[in-house]
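Down below is the structure, laid out as structure tokens.
The values are calculated or read from the model by the stated rules, or taken from the named source; none is laboratory data. This is a predicted model, so every value here is computed, not measured. A quick note on method: Cβ atoms are made from the backbone with ideal geometry, for glycine too, and the neighbour counts reach across all protein chains shown. To get the accessible areas, we keep the full protein, side chains included, count just its heavy atoms, and leave off ligands, DNA and RNA. Shrake-Rupley method; radii C 1.70, N 1.55, O 1.52, S 1.80 Å.
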Amino acid sequence: MEEIPCVTSYTAEGPYPEIRVQGKNQRYGQAILSNVGGSASEMGSIGLYLYGRFTQDGRPEVAEVLGHLAVVEMHHLSIFSALARQLGEDPRLWGPFRGGRRYWTPEYLRYPRRLNQLLRYAVEEERGAVRKYRQQAGWIRDENVAANLRRIAADEEVHVQILSRLMESYCSRPL
């Protein structure tokens, strides 16, 4: 069994901001809802990490890390769902799509069996989430919603670091 890179925390330092909004706002709500159940969303991250946990049984230490990451993503899903609801949206597992809504589906996931591909996909998704959440925080004028986006983006950066260390430890080519 390979030595797992030391993971001391799966989240960024510091507390999460209070989950509250200034008032209902459909535009903000739809943006946050896309983080709940859109094609690139927390639900997708949870699905990828759970799939990895279930398929990496030959590497229990990797499966354990992926399970911890899934739990953090579930916390993010909870935060975004609460914010979406406060902003006036129904926090189902769906996101805005062509003027309507589209339910999240496991078809959005890629199902890599090889560890290097799983980690590569996970890093791509985490980096995409950091960009998306920072971009949203840049135009959303509700400071508490923006603060939650920045805090969750900081967690996603920690995930990139963890996944990159796993790639360096278990795969021949680092990210």
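With respect to Leu87, is the statement that it is open to solvent by less than 10 Å² (accessible area, probe 1.4 Å), closer than 25 Å to Ser164 by Cβ and touching a residue at least 12 places away in the same chain (Cβ under 8 Å) true? Quick ask: steps written out before the conclusion?
Working: open to solvent by less than 10 Å² (accessible area, probe 1.4 Å): yes; closer than 25 Å to Ser164 by Cβ: no; touching a residue at least 12 places away in the same chain (Cβ under 8 Å): yes.
It is false that Leu87 is open to solvent by less than 10 Å² (accessible area, probe 1.4 Å), closer than 25 Å to Ser164 by Cβ and touching a residue at least 12 places away in the same chain (Cβ under 8 Å).
Residue by residue through the stretch 38-50, note down the ones that are within 13 Å of Ile79 (Cα to Cα) and part of a helix (DSSP H, G or I). Break it down stepwise before answering.
Narrowing the stretch 38-50 to residues within 13 Å of Ile79 (Cα to Cα): 41-43.
Passing the criteria: Glu42, Met43.
Going through Leu77, Leu48, Leu66 one at a time, which residue ends up being aliphatic (A, V, I, L, M), within 17 Å of Tyr111 (Cβ to Cβ) and either without any contact (Cβ under 8 Å) to a residue 60 or more places away in the chain or open to solvent by 60 Å² or more (accessible area, probe 1.4 Å) (or both)? Can you show your working first?
Numbers: Leu77 fails: within 17 Å of Tyr111 (Cβ to Cβ); Leu48 fails: either without any contact (Cβ under 8 Å) to a residue 60 or more places away in the chain or open to solvent by 60 Å² or more (accessible area, probe 1.4 Å) (or both).
Every option except Leu66 fails the conditions.
Keeping to the stretch 102-147, report how many residues are of a type in the set (Ser, Thr, Tyr) and either over 30 Å from Tyr170 (Cβ atoms) or in a helix (DSSP H, G or I) (or both).
Narrowing the stretch 102-147 to residues of a type in the set (Ser, Thr, Tyr): 103, 105, 108, 111, 121, 133.
Keeping just the survivors that are either over 30 Å from Tyr170 (Cβ atoms) or in a helix (DSSP H, G or I) (or both) gives 103, 108, 121, 133.
Here the count works out to 4.
Taking only pairs six or more apart or across chains, which ones have beta-carbon atoms under 7 Å, a first residue in the stretch 148-165 that is within 11 Å of Ala129 (Cβ to Cβ), and a second residue that is of a type in the set (S, T, N, Q)?
Leu149/Gln136; Asp155/Thr11
Across the stretch 28-72, which residue is nearest to Tyr133 (Cα to Cα) among those that are in contact with a Leu (Cβ under 6 Å, 6 or more places away or on another chain) and hydroxyl-bearing (Ser, Thr, Tyr)?
Tyr28
Step by step: first the residues of the stretch 51-63, then only those that are part of a loop (DSSP other than H, G, I, E, B) and not acidic (Asp, Glu), then the one that is most open to solvent (accessible area, probe 1.4 Å). Which residue is that? Step through it out loud before you land on a result.
Going through the stretch 51-63, the residues part of a loop (DSSP other than H, G, I, E, B) turn out to be 56-59.
Filter once more, keeping what is not acidic (Asp, Glu): 56, 58-59.
Working: Gln56: 4, Gly58: 70, Arg59: 90 Å².
The extreme case among them is Arg59.
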